[in-house]
1. Can you tell me which residues in region 77-114 are touching a residue at least 60 places away in the same chain (Cβ under 8 Å) and either among the hydroxyl-bearing types (Ser, Thr, Tyr) or farther than 18 Å from residue 234 by Cα (or both)?
2. Assess whether residue 231 counts as being in a helix (DSSP H, G or I) and touching a residue at least 24 places away in the same chain (Cβ under 8 Å).
3. Taking residue 107, is it modelled with pLDDT of 90 or more, of a type in the set (Gly, Ala, Ser) and more than 30 Å from residue 283 (Cα to Cα)?
4. Which fully enclosed helices (runs of 4 or more DSSP H) of region 161-228 have 2 or more residues being within 28 Å of the chain's Cα centre (by Cα) and of a type outside the set (Lys, Arg)?
5. Being among the small types (Gly, Ala, Ser), surrounded by fewer than 16 Cβ atoms within 10 Å (Cβ to Cβ) and either modelled with pLDDT of 85 or more or part of a loop (DSSP other than H, G, I, E, B) (or both) is the requirement here; does residue 138 meet it?
6. Since residue 121 meets every condition but one in (1) touching a helix residue (DSSP H, G or I) at 6+ places or on another chain (Cβ under 8 Å); (2) at pLDDT 85 or above; (3) under 30 Å from residue 224 (Cα atoms), which condition does it not meet?
7. On the given criteria, is residue 165 more than 30 Å from residue 215 (Cβ to Cβ) and either open to solvent by 60 Å² or more (accessible area, probe 1.4 Å) or not basic (Lys, Arg) (or both)?
Amino acid sequence: MAIAETQVYMPQAPRPRLRLLEDERWLAFMLLVPTMVLLGLFIAYPFVRGILLSVTNTRVGVPGDFVGLANFYKIFNDGIFRTSVYNTFVYTGVTTVFKLALGLWLAMLLNRNFRGKAFTRAFILLPFIIPTVLSTFAWKWMFDPTFSVINWMLFHLGMITGRINWLGDPDLAIISVMVVNVWRGVPFYAISLLAGLQTISPELHEAAAIDGARAWNRFRYVTWPLLLPVTMVVVLFSVIQTFADFQLVYVLTGGGPANHTHLFATYAYQIGVGTGLLSEGAAVSLAIFPVLLLVVIIQLVYIRRVETV
């Protein structure tokens, strides 16, 4: 009588590749590799390349030699560069204050219940989602001294008697650029702060109202402290973006009239690309880095301190 042979199933050992994917640290590293490659190619490499260019006398088509800090010494004694520094700080400070004030006011309005709330919230985003160059060209036509709809409205309201060259006057030009930046940046503040307002429990306001707190006191002692961490993050991103603004100023004025509206980015472009002095353009671009680094450190420390209170 034949004895039936029995087969014993032996589980196969997991493959080394699958075993690595089960390790959370290795899996996290693999998922971060594409991001690290992109950051290295488009941020780290240009930054290092800019540092190398700034310490040479490289021009378009000419490799150049090492000159140390001569380019930085040259731009710090340049009157147009000092004007660009002043314009950048004023431009960033003024527009940030107005964007924060108007964005917070708009967020408070959008946080209420009214008919068509969803459509209004989507409509508010239009200035922010429209391509910058396209919307800036529209504003350039609005500021045109001959075809300006702004001049037409002011003339029919009896506020002016002649044409105003908004982009041809140094003082009016920088104000016009600030107006366009505020118009474009307010939706970002409004929607971001609205998201922060949505996280605040209505019960806190109801309890404060029962205790006799008026609207201003409820905002001051309930809404604003809870909204402050979100506000600081929004302001941080806005300051970085405004400091490095290029498209808006370049399309509206190109840095004019007579270099009176140059910012860091536009002046660096004019020097590096317009005249071919790549090393000096890189030096102008890198001059903004210590300022932005200091701003980021101060705001991050303040945000962490607010969150731990």
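1. Correct list: 80, 81, 83, 84, 85, 87, 88, 90, 91, 92, 95, 96.
2. Yes; evaluated as a whole, the condition is true for this residue.
3. It is true that residue 107 is modelled with pLDDT of 90 or more, of a type in the set (Gly, Ala, Ser) and more than 30 Å from residue 283 (Cα to Cα).
4. Qualifying helices (runs of 4 or more DSSP H): 170-198.
5. Yes, satisfied.
6. Against the list (1) touching a helix residue (DSSP H, G or I) at 6+ places or on another chain (Cβ under 8 Å); (2) at pLDDT 85 or above; (3) under 30 Å from residue 224 (Cα atoms), residue 121 comes up short only on (2).
7. yes
The values are calculated or read from the model by the stated rules, or taken from the named source; none is laboratory data. Everything quoted here is computed from the prediction, not taken from an experiment. Virtual Cβ from ideal backbone geometry, glycine too; neighbours counted across all protein chains shown. Areas reflect the complete protein model, heavy atoms only, side chains present, ligands, DNA and RNA absent. Shrake-Rupley method; radii C 1.70, N 1.55, O 1.52, S 1.80 Å.
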